Structures are given as structure tokens and as C-alpha cells.
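Heads up: the structure comes next, in C-alpha cells.
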Amino acid sequence: MASTEPPLTEAAPPTPPEPLATKVARARDAQEAWGHTPFEERVACLLRAAKDMLVRRQEAMALVEQEIGKVHAEALFTEALGPLDAVKGWASVLGPALNRRKVPLNPLGFPGKRAFVDAVPRGVIAIIAPWNFPVAGLYRSVFPALMAGNAIVLKPSEYSPRSSGWFAERLAAHLPAGVVQVASGDGTVGAALLDARPDACVFTGSTTTGRWVAIRCAELGIPCSAEMGGKDPAIVLADCDLGRTVAGITHWALCNAGQACGAIEIVYAERGIADALVERLREVWTELNVGPLANARQFEVVRQHVEDAKARGATVVCGGAPLGEGLWFLPTVLDHCTEAMSVVRDETFGPVLAVVRVDGPAEAIRAANQLRYGLGASIWTGDLARGQRLAERLDYGVVSVNNHSFTGAVPSLPWSGRRATGFGVANSALALATFVRPRTLVVDRRRDPELYWMPYDETLVELGDVLADLQTGRLDRAWKLPGLMRRRMRRLRDFFRRRRSPDLG
């Protein structure tokens with residue numbers, strides 16, 4: 001059951017712009033010690049925080065139910081149950097990835113040298129978070145940022161400040177003071193946070209805002225990972241298992257009232273199964289209730305998309321209208337949809353499914369690859385080998401056969417997209433570029449000068465010519481190499497020995 005209280009739509013009181021620089025500075029001061037804390041100790045702190053969150057999960061559930069209208073079961077399964085698994089998953093991903101890596105060097109070209117690459121925390125990460133998963137949506141940014149040795153400043157959505165604030169509070173209770181900071185408010189606070197010069201930014205939200213964030217970060221020289229929405233298609237082939245397909249599409253279209261970047265919003269149905277699929281969806285969807293939409297703005301987007309589809313000739317199979325007062329909208333299936341409709345072109349973010357009938361998989365793949373977004377897609381078929389071949393032709397970040405976007409909760413699997421979804425990568429070691437920078441460390445045990453160091457002379461030039469000839473396969477002058485190297489080294493030793501200061505011996 002959904003909360004009987006209407007979800008909050010008022011913006012959170014903003015953090016005034018002036019203190020944001022202070023918050024970033026405080027986080028940077030705290031990060032110095034946190035970044036030098038052993039990895040195992042950082043993980044232990046996060047494990048304690050995650051266990052605390054699980055013990056106090058009812059608090060989180062009550063907040064997300066009130067703030068954004070999640071039904072109770074979704075508040076439990078999509079928000080409250082995952083922190084411990086997420087921390088353990090990130091520990092297994094980041095442990096090996098953060099280790100110092102030895103890089104072999106050619107002993108002839110680089111004698112006496114050892115080289116290493118370290119993964120160094122960037123410092124302070126600004127995390128600009130969305131409202132649709134105000135607790136669990138932070139697992140894939142906050143946990144790896146902290147585990148990698150960074151401090152964070154979290155800017156929650158103004159529509160879910162208490163839910164995300166609860167998460168930050170539970171974290172801060174188990175971490176050193178200052179490592180976790182919160183800046184509440186709307187987009188003006190997010191802009192001010194960037195102006196306070198954090199060391200990197202993770203953004204999740206709309207394409208319009210995400211592009212502005214990415215541009216601003218580029219102007220400031222701040223690395224940015226931006227995930228900017230999705231409009232996931234499901235391709236249903238005539239040989240699919242209809243029961244599992246209907247169940248899977250229903251869940252991934254209606255979970256969280258469709259307010260997920262990885263929600264199925266379009267079905268490309270092969271004509272041979274389209275009638276049966278639509279009828280089964282109608283039977284199921286008329287028996288289901290979903291929670292309210294999170295805010296009036298999102299409710300209006302959903303309403304407009306449905307009205308536009310009806311005006312352009314779509315058939316309302318079920319739903320198609322608000323439910324009573326407030327922000328509830330009936331689960332809606334629209335059949336005979338076309339690319340001219342907003343419900344096919346643009347992100348709806350609500351409990352609405354557009355069905356587009358196609359003549360076969362080639363037409364479906366072509367249409368799916370032309371969509372504005374490119375986060376996730378799925379193919380539903382009884383032929384797994386064929387499904388995998390077709391999946392490889394889909395230009396999306398995450399592609400599934402006979403399932404959909406559950407991988408967003410798996411730390412070891414990349415979550416990324418194409419086109420208007422943006423270029424950010426969440427999850428997996430591939431996301432580390434936002435949280436760490438590489439540092440090359442070279443240790444040289446040689447005592448003599450290098451052959452190519454000053455002062456230059458004709459011996460050095462001849463040595464370079466011989467080395468170039470050897471690289472191109474000309475070996476007739478190779479016999480000169482040992483003598484040139486000895487002569488060049490004697491020249492260097494004599495030069496620097498004559499100029500050694502008496503005080504230095």
C-alpha cells in the first residue's frame with residue numbers, strides 16, 4: 001500500500017551559497033586523513049554504516065513513502081534492503097582496482113628503474129542526486145567515492161531531501177567528522193556547489209540539467225560523470241515465453257510507478273504476437289495499483305504524453321487517466337503507437353507503456369537504435385542464441401535477453417548509456433575514473449647519469465642514429481653500439497666529476 005499522505009512537492013530549504021565553499025573546504029580537510037586510512041579500515045566503517053541502515057530500515061522506508069510516494073514493498077526492496085550487499089560488492093570491485101600496479105619497463109631502454117601506477121583519490125566529490133531512488137540510488141556513487149578515499153558533498157534532490165539526508169546521516173555517524181557533507185536545495189545550490197570547486201562531480205538527473213552540469217564542470221576543469229535518463233525499449237519476438245515476458249515487462253515498466261531511468265517505456269512487438277501480448281498486458285495491468293507520482297511536474301508530463309498519444313491515434317488498452325485526487329495515474333497501455341508521439345520520442349517517467357507493432361526484429365532494432373536515449377534495452381525470445389546475436393546489434397549501454405535493468409544494482413557490472421543518456425559510467429571498475437586519478441611512481445637505483453642527458457656531443461648524435469637504424473631493421477652498424485655507449489658514459493662521468501663541488505666530496 002502507498003502512504004496515505006501526499007508526497008512532498010515543496011523544495012527543501014536551500015543551503016545558502018556562501019557556506020558551500022566552507023563545506024567543500026571542511027570535506028577537503030577531512031579527506032586528507034581519510035584518504036590515507038587503509039582500504040580495509042574504510043571498508044569496515046562503511047560495513048558498520050550499512051548494517052546500521054539495515055537495522056533502522058523502517059526509518060528510511062517511512063521517509064521515502066512520505067516524500068515520493070513509494071509503496072511499502074518497493075520502499076523495502078528498492079531502497080532499504082541493499083546497503084550491505086552494495087558495500088560488499090564494491091569492496092570486491094575496488095580492492096583489486098585500487099592496488100598499486102607494477103608496470104614492467106624495458107631493462108635495456110630503462111636500466112635500473114622500477115615503475116608503479118597508484119590509484120589516488122581525487123579529493124572531494126560533489127554528488128548531485130535524483131529523487132526517484134533517494135537512498136538506494138546513492139549506493140553506486142557514495143559508496144565507491146568514500147571507499148576510494150574521497151570525501152563527499154551530497155546535494156539531494158529538493159523533492160527527497162529527508163530520505164537522502166537520512167542516508168548521509170547514517171553514514172556520517174560511522175565515518176570521521178567532515179568526510180560526509182550535505183548541501184540541501186534546488187538547482188541553484190547545485191550550481192553553487194560546483195562553483196565551490198570540488199575535485200569531481202557525479203550527476204544523475206534530466207538531460208537538460210545534466211548537459212549544463214557537464215559543460216560547467218568542463219569550464220571548471222572538474223571530471224564529471226553524468227547519467228541523464230533513459231527510455232528503455234523491450235523487443236518482444238513471436239517465439240517468446242509470453243507468461244515470463246508479460247511478467248517481466250510489467251515489473252520493469254511499473255516498478256516505482258515507472259519513475260526509473262531503466263524503466264521499460266516502449267515495447268516493439270512482432271505482429272505475430274502483438275494481439276496476445278496486448279491482451280495479456282490489459283488483463284494484468286487492470287488488476288494492479290501503483291504508487292503516486294512523486295511531484296506535480298512529473299504528473300503533468302505523464303498526463304500530456306498520454307493525451308498527445310490519444311490525439312495522434314493511439315488506442316488506450318487500459319488506464320489512460322488520473323486516479324482520483326492527488327498524483328495517482330492509472331497503469332496505462334497504449335497500443336498502435338508511432339514515432340510521431342511524445343510517448344515514443346521523449347522520456348515519460350511514469351506508469352505508461354507504448355506498444356509499437358513491427359514486422360520483425362530488424363525493424364525493431366532499427367527503431368530502437370534511433371531513439372533519443374540509449375541506457376537499457378531488452379529482447380524477449382525463446383531462442384537464447386538468436387536473442388544474444390540480436391542484442392549485440394542494439395546500440396545501448398545495457399542489453400538483456402529475457403530480463404531488464406536489474407544490473408543497475410550490481411556493483412561489478414557497468415551501468416552506462418549512449419546518446420542523450422550521457423557518457424557517465426556507474427558501477428564496476430570502469431567508474432573509477434571519476435573517483436581516482438592515476439599517479440605514476442618511478443624509482444631509479446642507478447648512480448650514473450643517463451646517456452641522453454646534457455651535455456650533448458657528437459657521440460650522442462651518432463648513438464641516436466645507430467639506435468634508430470636498429471629499430472628499422474638495419475643491423476650493419478649494430479657493432480658500434482657498445483663502444484658508443486662506453487664512450488658516451490665516460491664523457492658524462494668526466495664532465496660531472498670535474499665540476500663536483502668540494503663541499504660535496
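Computed from the coordinates by the stated procedures, all read-outs in this text should not be read as laboratory data. These numbers were taken from a predicted model, which means no experiment stands behind them. With ideal geometry, Cβ positions are generated from the backbone for all residues, glycine too; neighbour counts draw on all protein chains shown.
Below are the figures for this structure:
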{"quantity": "log10 of Debye I(q)/I(0), alpha-carbon scatterers only, for the range 449-504 at 0.31 Å⁻¹", "calculated": "-1.22"}
{"quantity": "Cα radius of gyration and Dmax for the range 327-431 (Å)", "calculated": "14.8, 43"}
{"quantity": "Rounded to 10°, Cα long-axis angle of helix 17-35 versus longest principal axis of the chain", "calculated": "60"}
{"quantity": "Square roots of 5 times each gyration tensor eigenvalue, C-alpha, the range 232-409, largest first, Å", "calculated": "24, 16, 15"}
{"quantity": "Footprinting exposure proxy for H251, H305 (fewest neighbouring C-beta atoms within 10 Å first)", "calculated": "H251, H305"}
{"quantity": "Candidate lysines for bridging to K102, where Cα separation is under 20 Å - those fewer than 8 sequence places away on the same chain excluded", "calculated": "K113"}
{"quantity": "Efficiency of FRET from Cβ geometry, R439 and N106, R₀ 30 Å, rounded to 0.05", "calculated": "0.90"}
{"quantity": "Segment D448-L413, extension gain: residue separation times 0.36 nm, minus the distance between their alpha carbons", "calculated": "7.8 nm"}
{"quantity": "Rg over Rh [alpha-carbon atoms, Kirkwood Rh] for the range 62-205", "calculated": "1.11"}
{"quantity": "Sites F39 and L384 - FRET efficiency at Förster radius 51 Å, r taken between beta-carbons, to 0.05", "calculated": "0.85"}
{"quantity": "The chain: angle of helix 271-285 to the longest principal axis, Cα-based, in degrees nearest 10", "calculated": "70"}
{"quantity": "Alpha carbon Rg of the chain, scaled by the compact-globule rule 2.2 N^0.38 Å", "calculated": "1.23"}
{"quantity": "Residue list for the range 72-96, given a label point 7 angstrom along the Cα-to-Cβ vector of H251 and an amide N cut-off under 17 Å", "calculated": "72-82"}
{"quantity": "Cα-derived Rg over Rh, computed across the range 380-505 with Rh taken as Kirkwood radius", "calculated": "1.37"}
{"quantity": "Residue list for the range 308-336, given a label point 7 angstrom along the Cα-to-Cβ vector of E287 and an amide N cut-off under 20 Å", "calculated": "317-320, 330-334"}
{"quantity": "Net charge contributed by nearby residues that have their C-beta within less than 12 Å of V120 (K/R +1, D/E -1)", "calculated": "+2"}
{"quantity": "Burial ordering of L171, L242, L375, fewest other beta-carbon atoms within 10 Å first", "calculated": "L242, L171, L375"}
{"quantity": "Cα centroid separation - the range 312-365 against the range 435-500, whole Å", "calculated": "70"}
